[in-house]
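Below is one structure; the comments refer to it alone.
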Amino acid sequence: MANIASARKRARQAAKQNAHNSSLRSRLRTAIKSVRKAVAAGDKTAAAAQLRTSQSVIDSIADKRIIHKNAASRYKSRLASALKRMA
């Protein structure tokens, strides 16, 4: 455990930031799963709507640098191609 006041504060800040980042990562995974579920169910209109909302979530999390921008692009591309394969 940290003994210096500034180190204790930094540990508190790191724990708080870690919890925030974890919640954002969870939001990302939930958004991806919702699109995959809609695709698996075969409902194209619902899947397209979920894809639009999840793309927004993915972009915002990439902007915060929780995930890399290329990883975000890869997620969006794979979800879009899964939707396209439904036709």
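The values are calculated or read from the model by the stated rules, or taken from the named source; none is laboratory data. None of the values given here were measured: they were computed from a predicted structure. Backbone-built Cβ (ideal geometry, glycine too); neighbour counts: all protein chains shown. Accessible surface areas use protein heavy atoms only, side chains included; no ligands, DNA or RNA. Shrake-Rupley method; radii C 1.70, N 1.55, O 1.52, S 1.80 Å.
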Pairs needed: first member in segment 50-63, without any contact (Cβ under 8 Å) to a residue 60 or more places away in the chain; second member anywhere, part of a helix (DSSP H, G or I) and among the aromatic types (Phe, Trp, Tyr); C-beta distance under 8 Å; at least 6 residues apart or different chains. Ile58/Tyr75
Could you list all residues from segment 30-66 that are of a type outside the set (Gly, Ala, Ser), assigned to a loop (DSSP other than H, G, I, E, B) and surrounded by fewer than 12 Cβ atoms within 10 Å (Cβ to Cβ)? Lys64, Arg65
Those residues that are open to solvent by less than 60 Å² (accessible area, probe 1.4 Å) and either of a type in the set (Gly, Ala, Ser) or at pLDDT below 95 (or both), I need them from segment 67-79; list them, please. Ala71, Ala72
So which residues in segment 12-29 are open to solvent by 40 Å² or more (accessible area, probe 1.4 Å) and not polar (S, T, N, Q)? Arg12, Ala14, Ala15, Lys16, Ala19, His20, Arg25, Arg27, Arg29
